[in-house]
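Colleague: To start, I am sharing the structure in question, which I have written as structure tokens.
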Amino acid sequence: MTTVFDRAYAAGFFDGDGSVGVSSRENLRWAPRSHAQVSQKSVDPLIWLRDRWEGSLFWNSSSQIWCWKVVGPKASRFFSDTAPYLIIKEVKAALAVQMQNRMNHRGKPASDDYLKVMGEFKGAIELTYPVPPRPQRQTTDVAYAAGLFDAEGSITLRQFPDRFPLIYLSVSQKDPEILCWLRERWGGKVKKRPAKGYGKEPTHEWYLYSKMARGFLRSIQPWLIVKRRLTDICVTWDDLVTPNGRYQPEQKQQIVELLSTWSPRW
């Protein structure tokens with residue numbers, strides 16, 4: 001049984017690191033099937049997804065990364081559960097559900113023109129759609145943001161003289177719409193970064209630091225999986241330093257010990 005917060009977190013994580021596709025074999029024995037896949041270096045969130053929506057978990061040795069994949073009716077259930085909360089992949093997921101609904105109870109196409117159906121939906125899924133306007137979802141915004149931040153976010157330390165480093169958070173995406181969604185709710189800034197290398201596309205980055213960064217981490221802390229330990233350190237740190245990153249002399253040793261446990265690989 002999944003809660004609305006589970007579904008919102010999964011939607012955010014899938015929007016960040018997931019993909020929607022169609023699997024098929026072009027012969028009369030196999031019907032096209034939609035699938036959802038998420039790839040991550042950390043296996044913990046993928047186990048979390050498998051425990052709730054089934055599917056398979058495997059290691060991609062060529063990319064050195066873990067993958068979770070769910071196919072057919074199970075993928076359709078995953079898309080249906082997360083549909084109210086998806087933003088980036090909302091349209092693609094809806095198309096995948098429509099395609100699955102055109103199959104009969106045996107998993108075969110309800111009509112004989114299944115190759116045409118497969119081409120129709122596969123071509124549509126491969127298109128890029130703009131992010132549609134969404135109503136406010138106050139109760140699940142935080143869980144969605146936690147999932148997106150676990151998938152695409154980063155926590156780093158920015159060094160400054162005469163004080164301890166400040167916490168710097170960022171989320172990068174090609175499409176700035178979801179980053180503007182984050183900015184509207186937690187502040188910060190969105191900037192465009194030039195393409196790095198030939199054939200690469202420019203990206204956009206949402207970032208915030210200091211007091212706003214700590215406020216954002218405190219709000220999403222209960223839902224995080226991948227970045228939970230780093231966030232716990234940041235929240236503990238927040239209790240020891242002033243808003244501008246300064247500290248009392250008697251707290252220096254505590255902060256030094258805390259920073260010694262810092263590892264961005266968590």
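The values are calculated or read from the model by the stated rules, or taken from the named source; none is laboratory data. Computed from a predicted model, the values in this text were never measured in an experiment. Here the Cβ is made from the backbone with ideal geometry for all residues, glycine too, and neighbour counts use every protein chain on show.
Colleague: Among the residues in region 90-106, are any modelled with pLDDT of 90 or more, under 30 Å from Gly187 (Cβ atoms) and assigned by TED's automatic domain parsing to the domain that holds Gly12?
Modeller: no
Colleague: Can you tell me which residue is farthest from Gly153 (Cα to Cα) among those in region 67-83 that are modelled with pLDDT under 95 and touching a Lys or Arg at 6+ places or on another chain (Cβ under 7 Å)?
Modeller: Once the filter is applied, the top-ranked residue is Gly72.
Colleague: Yes or no: Ala195 hydrophobic (A, V, I, L, M, F, W, C), more than 20 Å from Ala93 (Cα to Cα) and modelled with pLDDT under 65?
Modeller: no
Conditions (1) free of Cβ contacts under 8 Å to residues at least 40 places away in the same chain; (2) crowded, with 16+ Cβ neighbours inside 10 Å, marked per residue:
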{"position": "Leu179", "(1), (2)": "yes, yes"}
{"position": "Glu184", "(1), (2)": "yes, no"}
{"position": "Lys196", "(1), (2)": "yes, no"}
{"position": "Glu201", "(1), (2)": "yes, no"}
{"position": "Tyr207", "(1), (2)": "yes, yes"}
{"position": "Phe216", "(1), (2)": "no, yes"}
{"position": "Val226", "(1), (2)": "no, yes"}
{"position": "Ile233", "(1), (2)": "yes, yes"}
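Colleague: Restricting attention to region 189-218, which residues are at negative phi and of a type in the set (S, T, N, Q)?
Modeller: Across region 189-218, the qualifying residue is only Thr203.
Colleague: Something else about it: How about region 52-79: which of its residues are surrounded by fewer than 16 Cβ atoms within 10 Å (Cβ to Cβ) and among the aliphatic types (A, V, I, L, M)?
Modeller: Leu57, Ile65
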